[in-house]
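Notes follow once the structure below has been shown.
The values are calculated or read from the model by the stated rules, or taken from the named source; none is laboratory data. Because the structure is a prediction, the values reported are computed rather than measured. Heads up, the Cβs are rebuilt from the backbone with ideal geometry, glycines too, and the neighbour counts pull from every protein chain shown.
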Amino acid sequence: MKLRYGRKERDSLDKRPKEKPKLKNLSRKIRNTAFAVALPLIAAVSAGCEPDYFKNMDSNTNPDTRIEDTRTDTRVEDTQTDTIVEDTRTEDVISDLPPDTSIVDPCRNYNETTIAINRSTDGDIPSYDLLETEPADVTITEYLIDFVNETHALATSGMPYDVRLTIAPDGCRPDVSAYAVNSVGYDRGVYLRDPATLFYVNVIFHEIGHLQPGGGSHEVISQLNEIEQDLMAFAVFSIVSPSLDMYKWASEYRFRMPPIKTAVHNVYSDFSPDEMTSYPKALIFIFNNLIKSDGSFSYVRDEYVGLVGIGNEPALTNNAIEFAERFSPSIYSEFEHALMDAAVIIRSLYYKEIYRRFGEEVADDYFNANSGFPYRIYQPLAYPSYRYVNKVRVYSLDDLNCYTDYDPEYVRDESCSICAVENANHIDHLNGTFCCFSVDGLNIQKWAVEANLMRYYNSDGSLVRIDGLEYDAVDFATINSQEARAFDEPCF
């Protein structure tokens, strides 16, 4: 089977140029530049982070069986409504009084689990399978430490100095999955509830952002760092080891769609910037400034860091109003339409940023890897209605990068004794509606697409396999209609 890859065809994922630019010099140049930026004055602040979008992910009644995880799932049960769950947590109060260092605070001091994670970078990373290695009697594996350093070496703000991870004792900030300490008189670093894994590496990215210039107690820089490290991972995978690893990374959803969905949710109905919590306000600031700057992460960082010390609330409110006007109900008849447009616009800006910083080939790798995963997550997608899927790979959307927030419409189902996908025994015939974009260098076109889908899956719930990877289901699409849209025009 031949696969379509953007504007190119390749016989397989392995038949790609062997000689590719090395990260070594580029990594060190960017890293040294980042280290040259002076850190702001250290304030007494401890930022606890479990972003709203991590708690508000669409959920279902079936546990996620991909990774053995005995921790309590604190996400909000999806009731199929657009209700926003308010974040009622309070942030630490910054005191003008110096801390009492005569008493050790176990929640803000190192212990036997503490490990320094700053490492020199060489432009190489372990394989995805090694990155998934579970930590055994350690706070974080060396594989994951390397990965975190390599992604930060490419980002607009590198690893801060002397970053340490510590497993916080039981009872410390039980309302969050991690928190950062950058307080005078305490041990600076990231405090975790559990050992670090690849599945939760976004939490580490987020907390490291609190230690970067401008990170402080607000959430803009921390959430920007979390999103940017996701993109830098694509660049590292593409440049260092173009392989199936990039598709495995693309299939992980935590970085991409939930933050966009949270931002649009908070502006689409009953919009009130004064009542919005800090997490969605920060996300909206990020996305609105990415739109204004054509996808520049440097611009967003500079804009926010420039507000430190002079007050950020007016700027946060103004950006929320601008974003709300861009995706308001007066323009979009349904929330899903607004979300689809926002997702396509923001993902196209991610593509542009990677293109400008790493070139067309790396940008194409990012485009192609993400084009295979157009659906929202943790929703019933396959018939019958009780079947939930987390990873659905889509083929044949012909050089398009798409997103939909609608379940494909069921037409009919049938069993198959000889299926096009390994370990599949069932086919669903579906109709799907997508908002998409195509690329020609930095020229981007938006499309409204309707397609027929043949979904292959196993009726007993086991994974199916294609091209060396496993999924809950695999779709093959046939486009029925494809209409061009301006970027300031709704897809639907």
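Tell me the residue from Val201, Val184, Val138, Val176 that is assigned to a helix (DSSP H, G or I), in contact (Cβ under 8 Å) with a residue 40 or more places away in the chain and either under 27 Å from Tyr279 (Cα atoms) or in the same structural domain as Asp245 (by TED's automatic domain parsing) (or both), please.
Details: Val184 fails: assigned to a helix (DSSP H, G or I); Val138 fails: assigned to a helix (DSSP H, G or I); Val176 fails: assigned to a helix (DSSP H, G or I).
From the options Val201, Val184, Val138, Val176, the qualifying one is Val201.
One line per residue, one yes/no per condition, for (1) acidic (Asp, Glu); (2) more than 15 Å from the chain's Cα centre (by Cα); (3) over 25 Å from Gly359 (Cα atoms); (4) at pLDDT 95 or above:
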site: Val240; (1), (2), (3), (4): no, yes, no, no
site: Ser243; (1), (2), (3), (4): no, yes, no, no
site: Glu252; (1), (2), (3), (4): yes, no, no, no
site: Met257; (1), (2), (3), (4): no, no, no, no
site: Ser298; (1), (2), (3), (4): no, yes, no, yes
site: Leu316; (1), (2), (3), (4): no, yes, yes, no
Requested in this report: Return yes or no: is Thr90 of a type in the set (S, T, N, Q), modelled with pLDDT of 60 or more, part of a loop (DSSP other than H, G, I, E, B) and out of contact with any strand residue (DSSP E or B) (no Cβ under 9 Å at 6 or more places or on another chain)?
Outcome: no
Query raised in the report: In segment 250-267, what residues are surrounded by 21 or more Cβ atoms within 10 Å (Cβ to Cβ), assigned to a helix (DSSP H, G or I) and not β-branched (Val, Ile, Thr)?
Result: Ala250, Met257, Pro258, Pro259, Lys261, Ala263, Asn266
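Return the residue satisfying two criteria in turn: it lies in segment 297-328 and is of a type in the set (Val, Ile, Thr) and closer than 18 Å to Asn225 by Cα, and of such residues it is surrounded by the most Cβ atoms within 10 Å (Cβ to Cβ). Give the derivation first.
Of all residues in segment 297-328, those of a type in the set (Val, Ile, Thr) come to 300, 305, 308, 310, 317, 321.
Those still in the list that are closer than 18 Å to Asn225 by Cα too: 300, 305, 308.
Numbers: Val300: 24, Val305: 19, Val308: 18.
Here the residue is Val300.
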Query raised in the report: Looking at segment 410-418, is at least one residue in contact with a helix residue (DSSP H, G or I) (Cβ under 8 Å, 6 or more places away or on another chain) and surrounded by fewer than 14 Cβ atoms within 10 Å (Cβ to Cβ)?
Result: no
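State yes or no: is Asp230 in a loop (DSSP other than H, G, I, E, B) and either without any contact (Cβ under 8 Å) to a residue 40 or more places away in the chain or among the acidic types (Asp, Glu) (or both)? Steps first, answer last, please.
Details: in a loop (DSSP other than H, G, I, E, B): no; either without any contact (Cβ under 8 Å) to a residue 40 or more places away in the chain or among the acidic types (Asp, Glu) (or both): yes.
So Asp230 does not fit the description; no.
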**Report entry** Arg164 vs. criteria on the phi > 0 side of the Ramachandran plot and touching a Phe, Trp or Tyr at 6+ places or on another chain (Cβ under 9 Å)
**Finding:** no
Query raised in the report: So which of Ser293, Ser272, Ser328 is outside the structural domain of Phe492 (by TED's automatic domain parsing) and within 30 Å of Asn368 (Cβ to Cβ)?
Result: Ser293
Query raised in the report: Within segment 257-302, can you find the residues that are charged (D, E, K, R) and at negative phi?
Result: Lys261, Asp274, Glu275, Lys281, Lys292, Arg301, Asp302
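Could you identify the single residue in Asn452, Asn443 that is touching a residue at least 12 places away in the same chain (Cβ under 8 Å) and surrounded by fewer than 21 Cβ atoms within 10 Å (Cβ to Cβ)?
On the way: Asn443 fails: touching a residue at least 12 places away in the same chain (Cβ under 8 Å).
Only one candidate qualifies: Asn452.
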Query - Residue tally, condition surrounded by fewer than 16 Cβ atoms within 10 Å (Cβ to Cβ) and either free of Cβ contacts under 8 Å to residues at least 40 places away in the same chain or not assigned by TED's automatic domain parsing to the domain that holds Asn431 (or both), over segment 457-479 - result: 2
Report task. Could you grab the pairs with beta carbons closer than 7 Å, sequence gap of 6+ or different chains, first residue in segment 108-123 and closer than 21 Å to Gly185 by Cβ, second one surrounded by 15 or more Cβ atoms within 10 Å (Cβ to Cβ) and of a type in the set (Asp, Glu)? Result -> Arg108/Asp187; Asn109/Asp187; Tyr110/Asp187
**Report entry** Options Tyr471, Tyr410, Tyr406; residue that is among the hydroxyl-bearing types (Ser, Thr, Tyr) and within 23 Å of Leu244 (Cβ to Cβ)
**Finding:** Tyr471
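Test Glu360 against the criterion of being farther than 22 Å from Tyr403 by Cβ, in contact (Cβ under 8 Å) with a residue 24 or more places away in the chain, surrounded by fewer than 23 Cβ atoms within 10 Å (Cβ to Cβ) and not assigned by TED's automatic domain parsing to the domain that holds Val474, and give yes or no.
Values: farther than 22 Å from Tyr403 by Cβ: yes; in contact (Cβ under 8 Å) with a residue 24 or more places away in the chain: yes; surrounded by fewer than 23 Cβ atoms within 10 Å (Cβ to Cβ): yes; not assigned by TED's automatic domain parsing to the domain that holds Val474: yes.
Yes: the conditions hold for Glu360.
Using the structure shown, decide if Tyr200 is among the aromatic types (Phe, Trp, Tyr) and out of contact with any helix residue (DSSP H, G or I) (no Cβ under 7 Å at 6 or more places or on another chain). Don't jump to the end; show me each part of the working.
On the way: among the aromatic types (Phe, Trp, Tyr): yes; out of contact with any helix residue (DSSP H, G or I) (no Cβ under 7 Å at 6 or more places or on another chain): yes.
Answer is yes for this residue.
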Requested in this report: Say whether the condition of being within 20 Å of Phe492 (Cα to Cα), at pLDDT 95 or above and in contact with a helix residue (DSSP H, G or I) (Cβ under 8 Å, 6 or more places away or on another chain) is met by at least one residue in segment 445-456.
Outcome: yes
Query raised in the report: Among (1) among the acidic types (Asp, Glu); (2) surrounded by 19 or more Cβ atoms within 10 Å (Cβ to Cβ); (3) over 30 Å from Asp129 (Cα atoms), where does Asp294 come up short?
Result: (2)
